[in-house]
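In what follows, a structure is listed as structure tokens, so that the remarks can point back to it.
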Amino acid sequence: MEINQKIAMFIDADNAPAKKIEKILSEVAKYGSLSIRKAYGNWKSPSIKGWEDTLHEYSIQPVQQFDLTKGKNATDMAMTIDVMDALYTKNIDAFCIVSSDSDFTPLIMRILAEGKMVYGFGERKAPKPFVNACSRFLYLDDSETAIEEAAVNKKKTGSELKADTKLMNLIRNAINAEQDEEGWAYLGRIGSIISNQASIDPRNYGYKKLGDLIKAVDIFETKLVDSAQMYVRDKRRGNRLNKLMPSTAEAPAD
């Protein structure tokens, strides 16, 4: 994954908490720099008043969108049009979509089809199809605690992780795709393969890093190479190899 990406951020202010903007910007900064910052909503609506000071402080361009029809949210359409415009006319490597609205799922799929990354941010009410469509999705908890602290408080046990069939299959399949003759796969490649298939962020499970999550599950084993690079293997593969290896013990003397 590139860490020097040009990123465009589009915020659905109707479905995103303004108080979490610092956390969003801090996360996005890990991957690159923001060249576009836009937030969409009906700024006459009291429900998004919390965004007013935030927009100016963080240089986010407000885009006014009146509710032309009662009960219909025109913000989604305006934001979709601008995202598609940036996709085809701007030199953008990745998109940041801040919302909890499943209506953006087809848009995300279209961005991915063009080979771009999509970083999603939203509350836990965000529908699974929207979350899973993103290259990476991070939940914005409603509490005042930091994202990382909120995640740690909800850390999944090894047994709970193992019961998550989808997660285990993603890890196993990634290992199988990259493993060497002894079944070892580089952790960095495992993470890249997983992110190309689904939005799996270890912090949403209570772990800071993917390696920490994997080490919590007893069906995998890990090793460090050169004291820095972690490799992972399915224990079942390791057990099979051990059984096939001939004994190195010397035969007893006559």
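Just so it is clear, none of the values below were taken in a lab; they were calculated from the coordinates. Fair warning: this is a prediction, and the values are worked out from it, not measured in the lab. Counting neighbours? That spans all protein chains shown, and the Cβs are built from the backbone with ideal geometry, glycine included.
Run through the range 10-63 and list the trypsin sites (Lys or Arg not before Pro) located in a DSSP loop whose Cβ has at most 12 other Cβ atoms within 10 Å.
K30, K44, K49
Relative to a virtual label point 7 Å from the Cα of D93 in the Cα→beta-carbon direction, which members of the range 8-43 show backbone nitrogen distances below 20 Å?
Of the residues in the range 8-43, 8-10, 24-38 have backbone N under 20 Å from the label point off D93.
Hey, what do the phi angles of the range 35-46 turn into as Karplus ³J(HN,Hα) couplings, whole Hz, using 6.51/-1.76/1.60 and θ = phi - 60°, x for Gly and Pro?
In residue order, the calculated couplings are 9, 9, 9, 9, 10, 10, x, 8, 6, 7, 7, x Hz.
Would you please give the FRET efficiency between S35 and A74, computed as 1/(1 + (r/R0)^6) with r the Cβ-Cβ distance and R0 = 25 Å, to the nearest 0.05?
The computed FRET efficiency comes out at 0.45.
Students often get this wrong, so try it: which of (i) 17.3; (ii) 13.1; (iii) 15.7 is mean projected area of the Cα convex hull in nm² as calculated from the structure shown?
Here mean projected area of the Cα convex hull in nm² agrees with entry (i).
Once every DSSP H run of n ≥ 4 in the chain is given -39500 (n - 2.57) and the sum is divided by its residues, what mean residue ellipticity at 222 nm do you get, rounded to the nearest 500 deg cm²/dmol?
It comes out at -10500 deg cm²/dmol, rounded to the nearest 500.
Please go through the residue pairs K125/K155; K6/K166; K162/K209; K19/K166; K6/K208; K125/K162 and name each one whose alpha carbons sit more than 28 Å apart in this structure.
K6/K166; K19/K166
Need the full-extension length gain, L241 to K125, defined as separation in residues times 0.36 nm minus the C-alpha distance. One decimal, nm.
Gain on stretching L241 to K125: 37.3 nm.
Taking every DSSP beta bridge with both residues inside the chain, roughly what % is antiparallel (nearest 5)?
25
Going by how many other beta carbons lie within 10 Å of each one, how would you line up F220, F95, fewest first?
F220, F95
If a paramagnetic tag sat 7 Å from the Cα of D164 along the Cα-Cβ line, which residues of the range 178-201 would have the backbone N under 12 Å from that point?
199-201
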